[in-house]
1. Need at least 1 residues that are within 11 Å of R8 (Cα to Cα) and charged (D, E, K, R) per element, so show me which helices (runs of 4 or more DSSP H) inside the stretch 122-189 make the cut, counting only ones lying wholly within it.
2. Pull up the stretch 108-147, narrow it to residues that are among the charged types (D, E, K, R) and surrounded by 22 or more Cβ atoms within 10 Å (Cβ to Cβ), then point me to the one that is nearest to P6 (Cα to Cα).
3. If K106 satisfies all but one of (1) over 13 Å from M34 (Cβ atoms); (2) assigned to a strand (DSSP E or B); (3) without any contact (Cβ under 8 Å) to a residue 60 or more places away in the chain, what's the number of the condition it fails?
4. Please determine, by comparing only the residues of the stretch 42-65 that are surrounded by fewer than 17 Cβ atoms within 10 Å (Cβ to Cβ) and of a type in the set (S, T, Y), which one is nearest to F92 (Cα to Cα).
5. Can you name every residue in the stretch 83-110 that is closer than 18 Å to K47 by Cβ and among the β-branched types (V, I, T)?
6. Yes or no: I173 surrounded by 10 or more Cβ atoms within 10 Å (Cβ to Cβ) and at pLDDT 90 or above?
7. What single numbered condition from (1) at pLDDT below 95; (2) under 30 Å from S129 (Cα atoms) fails to hold for K59?
8. Please determine whether any residue of the stretch 89-97 is farther than 25 Å from D11 by Cα, of a type outside the set (F, W, Y), surrounded by fewer than 16 Cβ atoms within 10 Å (Cβ to Cβ) and touching a residue at least 24 places away in the same chain (Cβ under 8 Å).
Amino acid sequence: MSTTQPIRNTDEVRKLTEYYLKEGKPRNYLLIVMGIHTALRISDLLKIKWNDVYDFNRKRMRETVSIKEQKTEKVKLIKLNSTVISALNTCFTEATQGEYLFASQKGGAISRVHAYRIIRSAAENLDFSLNVSCHSLRKTLGYHAWKIGISPAVLMEIYNHSNYAVTRRYLGITQDDKNEVYCKLSELF
C-alpha cells in the first residue's frame, strides 16, 4: 500500500477542487475545498455544522471557525479564507442551524468512507497517478504553503503536530524539491 501524498501540482489541485462544481455537486465541491484550505482531519471536517460557519443572526458567513480536534482534543481556530467562504456561499441554501455541512441523505453527516469515495472518485476520473485520499487534502495545504515560504514551524502549529518529524513527512518533500533549491541558489549569488 502506498503512502498518501500531497497533491503537488497546482493545476491538479485546481482540477480537483473544480471537479464537483462542474459536476453540479456542491456538497462534494465544498468537501474538497475545505479539506485543502483548512487542513482539518476528515473526522473533524465532517462534524462541522452550518451554525459553526454561518451567523444566522447576522445572515453572513463567519470569518473563523472554532473546532475541537477529535484526535488531539485541542481547540483550533481557523480563518476562513475567501475561497472557502465562496464555496460555503455556493452551498448555502437557508440551511437549518443544526444541519451538517456534509449531510447525508439518511440524516447526520456523511461517513469517512463516503468522503474517501468522493475524493477517490474525482482523482480517478481526473486520471491522477498518485495515491489521493482524504489525508491528501490535509497534506496539500502544507506542501503548497511550504513551497511559497511559510515556515515549517507555523505549519507544525497549523497541524497541531507534537514534533517536527511528523510535519516534515507531511510536506512530502521530494528530490525535485531539493534540486529546485540548489538551482535557485545560482540565481541569488
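The values are calculated or read from the model by the stated rules, or taken from the named source; none is laboratory data. Computed from a prediction, not measured in an experiment: that's the story for all the values here. With ideal geometry, Cβ positions are generated from the backbone for all residues, glycine too; neighbour counts draw on all protein chains shown.
1. Numbers: elements: 134-147, 152-159, 164-171, 175-188.
Qualifying helices (runs of 4 or more DSSP H): 134-147, 175-188.
2. K139
3. Among (1) over 13 Å from M34 (Cβ atoms); (2) assigned to a strand (DSSP E or B); (3) without any contact (Cβ under 8 Å) to a residue 60 or more places away in the chain, the lone unmet condition for K106 is (2).
4. Filtering the stretch 42-65 for residues that are surrounded by fewer than 17 Cβ atoms within 10 Å (Cβ to Cβ) and of a type in the set (S, T, Y), the one nearest to F92 (Cα to Cα) comes out as T64.
5. V84, T96, I110
6. no
7. Of (1) at pLDDT below 95; (2) under 30 Å from S129 (Cα atoms), only one is false for K59: (2).
8. Checked the stretch 89-97: at least one residue is farther than 25 Å from D11 by Cα, of a type outside the set (F, W, Y), surrounded by fewer than 16 Cβ atoms within 10 Å (Cβ to Cβ) and touching a residue at least 24 places away in the same chain (Cβ under 8 Å).
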